[in-house]
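Remarks on the structure that follows.
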Amino acid sequence: MSADHLADALELVPEAWIADVAADAAAQSCTVTFTAAAGGLRTDVIDRIHAAGAARASDPVWESLTEGQRLDALFPSYNGIGSLELLAELGVTPVYVLTTAR
């Protein structure tokens, strides 16, 4: 796994969704980092998302959608993909690290 591939995958996740994961970790007295899942990063999915965005870049309807709506369109089987589902599709795992003793 290269750090560049991981960073590329994480750039596809809306910032608000990353913030939600970080807030969940903080509520559990943890910090969060991200790493490749046991099966590795899913570069095919990462490439598919990039290709779809590039192909629709001049489409005003596509451009008017929020990041979440665009991801929902790319993953219709979820009927609304969430942050953890998207991370799984990308092959990324959040890792919670305990920051205080309980």
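The values are calculated or read from the model by the stated rules, or taken from the named source; none is laboratory data. In this text the structure is predicted, and so the values were computed from the model without any measurement. Here the Cβ positions follow ideal geometry from the backbone for every residue, glycine too, while neighbour counts run over all protein chains shown.
Just the residues that are aromatic (F, W, Y) and under 15 Å from L71 (Cβ atoms), please, taken from segment 1-40. So that I can check it myself, show each step before the final result.
So the first thing to find is which residues in segment 1-40 are aromatic (F, W, Y), and the list is 17, 34.
Within segment 1-40, just W17 meets the criteria.
F75 fulfils the conditions (1) modelled with pLDDT under 95; (2) touching a helix residue (DSSP H, G or I) at 6+ places or on another chain (Cβ under 9 Å) except for a single criterion, (1). Cβ separations smaller than 7 Å between residues 6+ apart or across chains give the following pairs from segment 13-24 residues that are farther than 14 Å from A88 by Cα to residues that are surrounded by 11 or more Cβ atoms within 10 Å (Cβ to Cβ): P14/E67; P14/G68; D20/S83; A22/V32. Restricting the search to helices (runs of 4 or more DSSP H) fully inside segment 1-96 and requiring at least 2 residues that are touching a strand residue (DSSP E or B) at 6+ places or on another chain (Cβ under 7 Å) and surrounded by 13 or more Cβ atoms within 10 Å (Cβ to Cβ) gives 3-11, 15-27. Criterion first (touching a Gly at 6+ places or on another chain (Cβ under 9 Å) and under 15 Å from L6 (Cα atoms)) does G68 satisfy it? Taking the combined requirement at face value, the residue does not satisfy it.
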